[in-house]
Amino acid sequence: MFKNVATFVLLNLYKKRIDDAIGYNKVHFLNWKYLETVPTLYLNEIINFHDIKTQDSNIPTILMHGSWGPQKNIELGLMVLKKLKDEGEEFKLVISGGINHHFPDYEIKFKEILRSYSGLIDEYLGPITEREITKIFLEASLLILPYNAPGGLSGVLEQAIFFEVPTIAIDFPEFREQAAGVGFVRLANSVSDIEDYVREFLMNWDAYNARQRRINISKKITQATDNIRVLLRND
C-alpha cells in the first residue's frame, strides 16, 4: 500500500522508518502542529479570535489528561505528586479523561488507582467533551504525561503545545520530535527526573504565575492552515 497509495504520517520519525524499510514509497510527512486544537476552538467560537489569555490561579493546577489505558502510567504521576505533597508542596491536582475503548478491562484497575490516591486528587472530571478541552488547558499550570509507551503522535501533547502549558513527558523519540524547539516541554528519563522537574516548577511558581500566558490563536491557526494545504496539493 505504501508504494502505491499516497499516505500521510504525522511524524517524520515514521516516514524515515518506512523509507529505510521499503525504499521508494508514496508516504509523506504531514505537519500536524496546532491542528489538534481546531475542534475545541471552533466549538468554543474562539477560532477567529486574535488571542486569548489563561485563567488566573492562586495555586498551581497540575493536570493529567488522556484516554486512560495500560499504555499510560497514571500511577507513576500520582506517586511522584504524593511524595511532593507529603513534603509540603501546594498544588491542585485535576485528572480528566475516560478509559481508552481499546482497553475496557483497564477500567477496574484505573478506578482502584484513583481510590488509592483519592486524598491527593482534587478533581476527577471523567470523560470530557471536545468543547471542554479549551477550559481545562487554559486553567492548567502544568501538564504531566506519564506514559509507558508513546503510541504515535500525542494529541494531549499537541493540545499542551498550542495552549503553551508547561509539560513534563517521558523521553520517547515521538515526543522528542513533537517537542523539538518547544522550551516549556521537558522530557524525563527517570522517575527522579519527573520529581525534580515538578519540584522545580513548583518552586518557581510565583515567578511563572506573574507571567500570564496569552495565546496567539490567529498566528497558530494560520500556520495550521498552511500545513494542511499539503493534502490539497497532493496528486
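Annotations
- Solvent-accessible surface of segment 126-225, averaged per residue with a 1.4 angstrom probe and all protein chains in place: 42 square angstrom.
- Measuring between their Cα centroids, segment 22-68 and segment 117-164 lie 11 Å from each other.
- Of the accessible area of the chain, computed with a 1.4 Å probe over protein heavy atoms only, carbon and sulfur atoms account for 51 percent.
- Close Lys-Lys pairs in segment 32-151, where close means Cα under 17 Å and separation is 8 or more or interchain: 6
- For the pair Asp206 and Ile22, the difference between a 0.36 nm per residue extended length and the Cα-Cα distance amounts to 61.0 nm.
- Over the chain: helical MRE at 222 nm, DSSP H runs n ≥ 4 each giving -39500 (n - 2.57), nearest 500: -13000 deg cm²/dmol
- Think of a 1.4 Å ball rolled over the protein heavy atoms: segment 1-51 then has 64 Å² of accessible area per residue.
- Spread of Cα-to-Cα distances over 5 Å intervals beginning at zero, given as percent, for segment 111-186: 3, 13, 24, 21, 21, 14, 4, 0
- Cα-based equivalent ellipsoid, segment 1-106: semi-axes from gyration tensor eigenvalues, Å: 36, 23, 14
The values are calculated or read from the model by the stated rules, or taken from the named source; none is laboratory data. As the structure is a prediction and not an experimental result, all values here were calculated from the model. The protein model used for the area step is the full one, side chains on, heavy atoms only, and it has no ligands, DNA or RNA in it. Shrake-Rupley method; radii C 1.70, N 1.55, O 1.52, S 1.80 Å.
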